[in-house]
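Questions regarding the structure given below will be posed in turn.
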Amino acid sequence: MKKLVVITGAGKGIGKALAQGFAAEGFSLALCSRTEADLQQLKQELTSAHPEIEVYIRPTDVSKKAEVLAFAEMVTEAGNPVEVLINNAGVFIPGQIHQEEEGALEKQIETNLYSAYYLPRALLPPMVEAKRGHVFNICSTASITAYTNGGSYCISKFAMLGMSKVLREEMKPHNIRVTSILPGATLTNSWAGSDLPESRFMPPEDVAEVVLNAYRLSERTVVEEILMRPQLGDIG
Ligand code: NAP
């Protein structure tokens, strides 16, 4: 039975690039996002390119605890040992704290932070027992930078990095690696509507590549944080 890589928000963008990257390495995958058509299409693409792998999908709104737990149950029932868990699903609602729409804080905290708390809680126990695995948390440069148009997104991502650091400490004795990824502007749907040229953004495949590289290192080494930005710097 092939080892499993679990990815939230895998239908598009960085999550999709991660799924493609790990599939090419021969891992089976458990993927979720809200849009079932994206998941079906990706499953079809991955299983035709890599017929040896299994791809489990479940439409899931990770801002809802019950749905995160149902996704975790699907993963557990699949029976493959979880090798890598990637908390990637996230939503970016630009705005300022004093002006952003009502509920922006709750939506981004529930989607970006709580999901990345509930899923490891559900999936880590067997990994701890097996003393094996790697958790990646897709944070952001907004985890360490107070952007004026970042509003509650920054709040959620600062908190996510804090949580990721705590998990790293907790998992040390259990031989489970925890890595926080802090990407800057990456060309995905998050930037739909922007009129900036492609050259101002990193490709999502580069984020996937640094995750794969961090995973490939010896088990005696953990890359704790990766900060990556477009070559031309932050979008101001
Ligand atoms: P994206 O292209 O918009 O893709 C986000 C993925 O997450 C989609 O598959 C989306 O699918 C899914 N998703 C969104 N809300 C969800 C929910 N409530 N439940 C389940 N799935 C959900 O975004 P991205 O840019 O790849 O972002 C991925 C992660 O990277 C996020 O955590 C984001 O904060 C982080 N990040 C992005 C950038 C950037 O510049 N793009 C920079 C730093 C960090 P559905 O809509 O179908 O659910």
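The values are calculated or read from the model by the stated rules, or taken from the named source; none is laboratory data. Bear in mind that the values here come from a model prediction, so they are computed numbers and not experimental data. Every residue, glycine among them, receives a Cβ derived from its backbone with ideal geometry; neighbour counts consider all protein chains shown. The area values use the complete protein model at the heavy-atom level, side chains included, leaving out ligands, DNA and RNA. Shrake-Rupley method; radii C 1.70, N 1.55, O 1.52, S 1.80 Å.
For GLU129, put the label point 7 Å out on the Cα→Cβ axis and report which residues of the range 172-198 keep their amide N under 18 Å from it.
Only 174-176 pass the distance filter.
If TYR114, TYR147, TYR215 are ordered by their accessible area, calculated over protein heavy atoms with a 1.4 Å probe, which sequence runs from highest to lowest?
The ranking, largest first, comes out as TYR114, TYR147, TYR215.
Considering only protein heavy atoms and a probe of 1.4 Å, how much of the accessible area of the chain is carbon and sulfur, as a whole percent?
Of the solvent-accessible surface of the chain, carbon and sulfur hold 52 percent.
Turning to a different aspect of this structure: Assuming R0 = 25 Å, what is the FRET efficiency of THR47 and GLU73, from their Cβ-Cβ distance, to the nearest 0.05?
E(calc), rounded to 0.05, equals 0.65.
Of the options THR186, PRO197, HIS174, report the single residue whose Cα projects farthest towards the positive end of the charge dipole of the range 167-236 (beta-carbon charges: Lys, Arg +1; Asp, Glu -1).
It is HIS174, whose Cα lies furthest towards the positive end.
Another question, then. What percentage of all Cα-Cα pairs in the chain are separated by more than 30 Å?
19 percent
Roughly what would the spin-label model give for THR35 and GLU205, points 7 Å off Cα along C-beta, in nm?
Going from the THR35 label point to the GLU205 one covers 2.1 nm.
Can I ask one more? Going by Cα centres, the range 18-35 and the range 96-167 are how many Å apart?
Between the Cα centre of the range 18-35 and that of the range 96-167, the gap is 21 Å.
Right, here's the next one. Report, in deg cm²/dmol and to the nearest 500, the calculated mean residue ellipticity at 222 nm for the chain, where each DSSP H run with n ≥ 4 adds -39500 (n - 2.57) and the sum is divided by the residue count.
When only DSSP H runs of four or more count, the value is -13000 deg cm²/dmol.
Hey, what's the chain come to in accessible area per residue, 1.4 Å probe, Å²?
For the chain, the solvent-accessible area averages 48 Å² per residue.
For the full complex of protein chains and a 1.4 angstrom probe, list HIS98, HIS50, HIS134 by accessible area with the highest value first.
Sorted descending by solvent-accessible area, the residues read HIS98, HIS50, HIS134.
With a point put 7 Å past each Cα toward its Cβ, work out how far HIS174 is from LYS12 in nm, to one decimal.
Result: 3.3 nm between the two label points.
Taking 0.36 nm per intervening residue step and subtracting the Cα-Cα distance, what contour gain separates ASN149 from ALA24 on full extension?
Taking 0.36 nm per residue and subtracting the Cα distance, the gain is 41.3 nm.
On alpha-carbon atoms, Rg over Rh for the range 191-236 using Kirkwood Rh?
Here the Rg-to-Rh quotient is 1.10.
Still on this model: Please give the solvent-accessible surface of VAL211 in Å², to the nearest 10, using a probe radius of 1.4 Å with every protein chain present.
Only protein atoms counted, so the area is about 0 Å².
Let me ask something else. For the range 66-174, just the Cα set please: Rg and Dmax, both in angstrom.
15.3, 47
Hey, another quick one. Given an 8 Å cut-off on Cα distances and at least 6 residues of separation, report the relative contact order of the range 4-228 as a percent.
It comes to 20 percent, rounded to a whole number.
Report the paramagnetic label zone for GLU102: residues of the range 146-176 whose backbone N is under 17 Å from a point 7 Å from Cα along the Cα-to-Cβ axis.
From the range 146-176, the list is empty.
Count the net charge of all other residues whose Cβ sits under 15 Å from the Cβ of ALA122, scoring Lys and Arg as +1 and Asp and Glu as -1.
In short, 0.
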